[in-house]
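To keep things clear, I will list the structure first and then write my remarks on it.
The values are calculated or read from the model by the stated rules, or taken from the named source; none is laboratory data. Model, not experiment: these values are computed from the prediction. Cβ placement follows ideal geometry from the backbone for every residue including glycine, while neighbour counts extend to all protein chains displayed. With ligands, DNA and RNA removed, areas are computed over all heavy atoms of the protein, side chains included. Shrake-Rupley method; radii C 1.70, N 1.55, O 1.52, S 1.80 Å.
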Amino acid sequence: MTTAEIKLTAKDFVTDQEVRWCPGCGDYSILKQVQTVMPELGIPREQIVFVSGIGCSSRFPYYMETYGMHSIHGRATAVASGLKAARPDLSVWIVTGDGDALSIGGNHLMHLLRRNFDVNVLMFNNEIYGLTKGQYSPASPFGKVTKSTPMGSIDHPFNPLALCLGADSTFIARSMDRDPIHLREVLKRANAHKGTSMVEIYQNCNVFNDGAFEVFTEKATKKLNTLMVEQAKPLVFGANSDKGIKLDGFKPVVVDLADVSVNELWIHDEKDQVKASILVRLFDAPSDENTLPRPFGVFYTEDRFCYETEMNAQIAHAIETKGAGDLDDLIRGKNTWTI
Amino acid sequence: MKTEIKSDVVILFAGDSGDGIQLTGSQFTTTAALFGNDISTFPNFPAEIRAPQGTIAGVSGFQLHFGSVEIFTAGDAYDVLVVMNAAALKANIKQLKPGGIIVANSDGFDPKNLKLAKYPDGVNPLKDGSLEKFKVYEIDVTKITRIALADSGLGTKEMDRSKNMFVLGYIYWMYNRSLDNSIEFLKEQFKKRPELIDANVKVLKAGFNYGDTVEAPMHRFEVKPAPVAKGTYRSIMGNQAAALGLVAAAQKSGLTLFYGTYPITPASDILHELSKHKNFGVKTFQAEDEIAAITSSIGASFGGALGVTASSGPGIALKGEAIGLAFMLEIPLVIVNVQRGGPSTGLPTKTEQADLLQALYGRNGEAPVPVVASYTPSDCFYGAFEACRLALEFMTPVFFLSDGYIANGSEPWKFPAAADLPELKVSFAKNELKEGEAFLPYKRNEKLARPWAIPGTKGLEHRVGGIEKENETGNISYDPDNHELMVKLRQEKVDRIADYIPLQTLDNGNEKGKLLILGWGSTYGSIKTAVRDAIAEGLDVSHAQVKYLNPFPKNLGDMLKNFDKVLIPEINNGQLIKVIRDKYFIDAKGLNKIKGMPFSSDEIKEKIKEMLK
Ligand SMILES: Cc1ncc(C[n+]2csc(CCOP(=O)(O)OP(=O)(O)O)c2C)c(N)n1
Ligand code: SF4
Ligand SMILES: [Mg+2]
């Protein structure tokens with residue numbers, strides 16, 4: 001049997017390391033979905049690299065039987081940029097947290113997105129610093145009481161995906177730990193996209209921020225508070241799929257499907273940057289009244305050149321026009337004299 | 001007119017940044033080198049790109065030292081000071097030798113320029129007798145240039161841009177040099193604007209002829225070719241040499257050079273140089289900051305490239321945490337620090353050697369990093385190459401130290417043939433595991449280096465990170481004994497490099513004696529000149545320049561003990577001396593200069609005399 005014929009399974013992506021997350025942590029489910037999806041991607045294990053920063057989420061590479069690097073806080077995006085530039089042949093996955101990606105690593109995230117390296121970013125958003133035991137993060141809502149904000153956070157939080165769209169991200173999606181099927185679909189889409197795929201994954205930290213995303217993940221409230229977007233489909237949600245979203249100019253409004261025909265609804269078009277910018281702005285706090293639901297799915301995709309492709313094209317062009325470099329010529333330079 | 005014979009001459013060309021000073025200087029340099037003189041140069045830029053014209057802050061200088069003898073520094077005091085305006089004179093007159101020559105563009109001494117240079121009202125140094133102890137040649141360069149170009153069809157602004165060619169031509173006359181090299185240069189430079197070739201050549205010739213025709217007695221000098229070793233030479237600046245050394249190391253190891261960096265003075269020129277050599281497969285990456293610069297290089301190295309990152313002090317400070325990561329990952333990485341005056345932003349355009357302790361110790365935890373420091377512009381080629389060799393052979397980050405003085409300074413270089421450079425053998429780990437055998441990413445070879453198993457190698461999938469790892473397996477481990485073992489192993493790996501580097505040699509002097517001057521880095525030229533002269537005067541002094549600062553060559557301690565006294569001159573407040581005293585328990589004395597400038601050889605010679613009294 002040749003190696004190409006060996007069909008990998010999720011088990012082949014499990015390492016011998018004991019998984020050290022707290023029991024009940026949302027990270028377990030994400031790990032499971034990633035391990036499940038990997039064999040379906042058809043990429044040999046040795047061609048896959050997981051790079052992470054620091055945080056609970058960033059322990060991830062140790063549990064993946066691929067190549068991996070657990071780097072330093074906030075820098076996985078930069079490490080991965082260099083790796084992809086040097087080795088465009090690899091499938092590179094970045095695992096990061098909301099603190100890792102948006103706080104200490106905010107700068108690199110922005111630049112990764114604009115450069116559009118062909119890598120995948122899985123940002124585990126638990127709206128808290130898990131590893132350091134419960135301080136608020138740049139994604140924590142205003143007023144959030146945490147260990148470092150006993151009187152409530154006075155930081156205005158980031159809207160992570162709006163930030164990413166602002167940085168000209170070419171693939172923007174959101175999923176959650178508690179919806180395995182959805183998450184696996186989004187992971188496959190991320191892998192298929194050529195360019196930086198930004199996937200925000202809502203992840204429950206049951207120890208320091210339990211239930212942060214409950215309304216989106218629990219059966220009783222999920223349907224009313226989430227909006228699952230699908231390409232070319234109208235935006236429908238609600239307990240009995242009885243509500244929809246219509247665009248009134250640029251303003252999204254909730255309508256009752258009893259009054260408004262499905263044909264009048266906003267049809268999801270992931271190539272439409274204007275619509276995507278409205279979609280990522282559907283970010284109401286679920287506790288408020290008359291809120292718009294929180295969207296999940298692939299919001300935006302765009303075909304744009306990748307940094308590493310251009311980098312190699314320049315090298316190829318230089319070799320084509322100047323010839324492959326000759327070390328003696330280089331050392332000699334243009335002006336010499338002999339004594 | 002008499003021609004005086006000189007063994008060596010120091011000229012400073014000075015003027016506004018816009019006066020074409022650097023070009024004038026580098027043209028004279030090539031011409032002198034082609035003639036066979038030994039030469040050393042140093043440019044002096046103003047800190048601000050567009051400092052106000054005519055002011056002291058805006059003065060740009062190019063210092064060159066050439067001779068019929070061996071030249072090791074850009075020179076201490078000037079024999080000739082060429083000034084395009086009053087500010088240039090004011091800023092540099094202090095360093096002109098008594099009896100030295102001033103060539104002054106008189107147009108740059110009009111009331112406006114005098115005022116900008118902050119001379120008191122009504123004072124013109126060219127007229128008030130204050131320059132009596134010098135020979136002053138006043139030339140209205142602007143006027144003569146405009147006359148020469150009267151029918152060129154150029155506007156006055158464009159005509160004035162050729163002023164520097166007049167000065168160059170005149171200095172060529174003074175030292176009786178051929179104009180050919182510069183004419184060739186102008187033809188190449190203005191290929192697309194033939195009218196500018198004509199204009200500049202015309203003015204260059206006008207400058208030369210001026211010397212011949214003017215009635216006032218002017219001096220001419222002869223500086224014969226130097227007895228330099230036979231061979232083919234080129235002129236090289238330190239940063240350029242470092243860039244070429246990196247490319248050479250990549251070629252010799254068969255790896256792709258990945259250079260992640262963020263612009264900073266005085267390191268940026270390495271990036272500029274490397275980005276021209278994409279046909280060598282060089283990947284330059286201008287990152288968003290120094291942290292991304294080094295971590296992207298780490299990523300590239302992890303992928304099997306030769307990762308290199310460069311900066312100057314402030315940027316190196318930002319890289320600290322990531323250097324620790326590379327150290328823990330035990331992957332090859334070269335960190336170039338082209339030092340400048342610190343701390344903080346410090347003196348960006350001035351030189352200093354004050355980052356040695358940062359290189360040796362500037363990280364959290366026990367994280368020793370090998371350090372190689374070059375000592376002349378051309379040595380930066382070998383220094384950078386050697387840093388790559390150590391990084392690849394020992395799977396470790398390595399510091400390569402240079403500084404603003406040698407980075408921007410230039411000298412003739414009898415360059416090597418590519419074939420004469422050592423091969424840098426790199427073998428990525430192969431999957432030779434037996435059935436059921438686990439890959440051990442931290443199992444070490446006889447040099448204590450671990451295998452470099454790059455992604456794409458089937459069966460060697462493994463995870464690395466900054467967390468302490470179990471010996472051999474590389475799995476996360478918080479075991480106390482294991483941690484101590486790993487710290488010792490990593491230290492031992494770096495210490496053992498001493499077995500694989502050359503022994504320390506003396507540059508000059510006896511093996512035993514009264515006084516050893518121990519230098520490192522760019523102080524080389526000044527020390528060498530001082531020691532040469534002191535020995536010629538019969539003093540018992542020797543000189544060694546350490547290039548390997550961690551680990552030190554194995555024989556360094558014994559060498560030091562052969563001398564009654566040891567003097568360590570440094571362009572800092574005493575850094576190498578701390579390490580030497582700590583390691584060898586000797587009562588070394590320091591000579592420290594912290595003015596953003598190199599030592600003059602006289603400063604060192606005086607100290608030698610004082611210590612041997
Ligand atoms: C330079 C540096 N600063 C601070 C820390 C401490 N630290 C580790 S993880 C972390 C926050 C992690 O939060 P997040 O990225 O959201 O990951 P989570 O643990 O929530 O998955 C902090 C502050 C560190 N490891 N390194
Ligand atoms: S602290 Fe929170 S995020 Fe971290 S492992 Fe525990 S539950 Fe998960
Ligand atoms: Mg978090």
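The set of residues from the stretch B:363-392 being of a type in the set (S, T, N, Q) and more than 15 Å from residue B:247 (Cα to Cα) comprises B:364, B:374, B:376. Taken over the stretch A:87-121, the criterion of being away from ligand 2 (no atom under 14 Å from the Cβ) and among the aliphatic types (A, V, I, L, M) is satisfied by A:90, A:92, A:94, A:101, A:102, A:104, A:109, A:110, A:112, A:113, A:119, A:121.
Considering only residues that are more than 14 Å from ligand 3 (Cβ to nearest atom), open to solvent by less than 10 Å² (accessible area, probe 1.4 Å) and closer than 26 Å to residue A:28 by Cα, which ones fall in the stretch A:133-175? Across the stretch A:133-175, the qualifying residues are A:161, A:164, A:171, A:172, A:173, A:174, A:175. Comparison of B:527, B:517 shows that the only residue that is of a type in the set (Val, Ile, Thr), assigned to a helix (DSSP H, G or I), touching a Ser or Thr at 6+ places or on another chain (Cβ under 9 Å) and under 27 Å from residue B:361 (Cα atoms) is B:527. Residue A:71 meets all of the listed conditions (1) of a type in the set (S, T, N, Q); (2) surrounded by 24 or more Cβ atoms within 10 Å (Cβ to Cβ); (3) away from chain B (no Cβ under 13 Å) but one, namely (3).
Residue count for the stretch B:421-439 under the criterion of being under 14 Å from residue B:389 (Cβ atoms) and either in contact with a Ser or Thr (Cβ under 7 Å, 6 or more places away or on another chain) or within 10 Å of chain A (Cβ to nearest Cβ) (or both): the result is 3. Given the criteria touching a helix residue (DSSP H, G or I) at 6+ places or on another chain (Cβ under 9 Å) and either near ligand 1 (Cβ under 9 Å from one of its atoms) or open to solvent by less than 10 Å² (accessible area, probe 1.4 Å) (or both), does residue A:97 qualify? In short, yes. Scan the stretch B:457-489 for residues that are surrounded by fewer than 16 Cβ atoms within 10 Å (Cβ to Cβ), within 14 Å of chain A (Cβ to nearest Cβ) and of a type in the set (A, V, I, L, M) and jot them down. Correct list: B:467 only. With respect to the conditions (1) open to solvent by 20 Å² or more (accessible area, probe 1.4 Å); (2) outside any loop (DSSP other than H, G, I, E, B), residue B:375 lacks only one, and its number is (2). Of all residues in the stretch A:254-284, those satisfying the criterion of being open to solvent by 40 Å² or more (accessible area, probe 1.4 Å) and touching a Ser or Thr at 6+ places or on another chain (Cβ under 7 Å) are A:271, A:284. Scanning the stretch B:254-269 for residues that are among the small types (Gly, Ala, Ser) and either surrounded by fewer than 20 Cβ atoms within 10 Å (Cβ to Cβ) or out of contact with any helix residue (DSSP H, G or I) (no Cβ under 8 Å at 6 or more places or on another chain) (or both) turns up B:254, B:268.
Just to be sure before I move on: is residue B:418 of a type outside the set (Ser, Thr, Tyr), more than 23 Å from residue A:330 (Cα to Cα) and facing chain A (nearest Cβ under 9 Å) in the structure I sent?
Criteria not met by residue B:418.
Has the stretch B:460-483 got any residue that is touching a residue at least 40 places away in the same chain (Cβ under 8 Å) and among the small types (Gly, Ala, Ser)? Taking every residue of the stretch B:460-483 in turn, at least one turns out to be touching a residue at least 40 places away in the same chain (Cβ under 8 Å) and among the small types (Gly, Ala, Ser).
So that you can scan it fast, the table gives a plain yes or no per residue for (1) within 7 Å of chain B (Cβ to nearest Cβ); (2) more than 28 Å from residue B:31 (Cβ to Cβ); (3) not in a helix (DSSP H, G or I):
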| position | (1), (2), (3) |
| --- | --- |
| A:300 | no, yes, yes |
| A:304 | no, yes, yes |
| A:308 | no, yes, no |
| A:316 | no, yes, no |
| A:319 | yes, yes, no |
| A:324 | yes, yes, yes |
| A:330 | yes, no, no |
| A:334 | no, no, yes |
| A:337 | yes, no, yes |
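Of all positions in the stretch B:43-63, none carries a residue that is more than 30 Å from residue B:115 (Cβ to Cβ), open to solvent by 20 Å² or more (accessible area, probe 1.4 Å) and either of a type outside the set (Phe, Trp, Tyr) or within 14 Å of another protein chain (Cβ to nearest Cβ) (or both). For the stretch A:190-207, the candidate set comprises residues that are out of contact with any strand residue (DSSP E or B) (no Cβ under 7 Å at 6 or more places or on another chain) and aliphatic (A, V, I, L, M); within that set, the residue that is farthest from ligand 1 (Cβ to nearest atom) is A:192.
Of all residues in the stretch B:92-113, those that are assigned by TED's automatic domain parsing to the domain that holds residue B:9 have Cβ atoms under 6 Å from Cβ atoms of residues that are β-branched (Val, Ile, Thr) and open to solvent by less than 30 Å² (accessible area, probe 1.4 Å), 6 or more apart or on another chain, in B:101/B:80; B:103/B:82; B:104/B:83; B:105/B:141; B:107/B:142.
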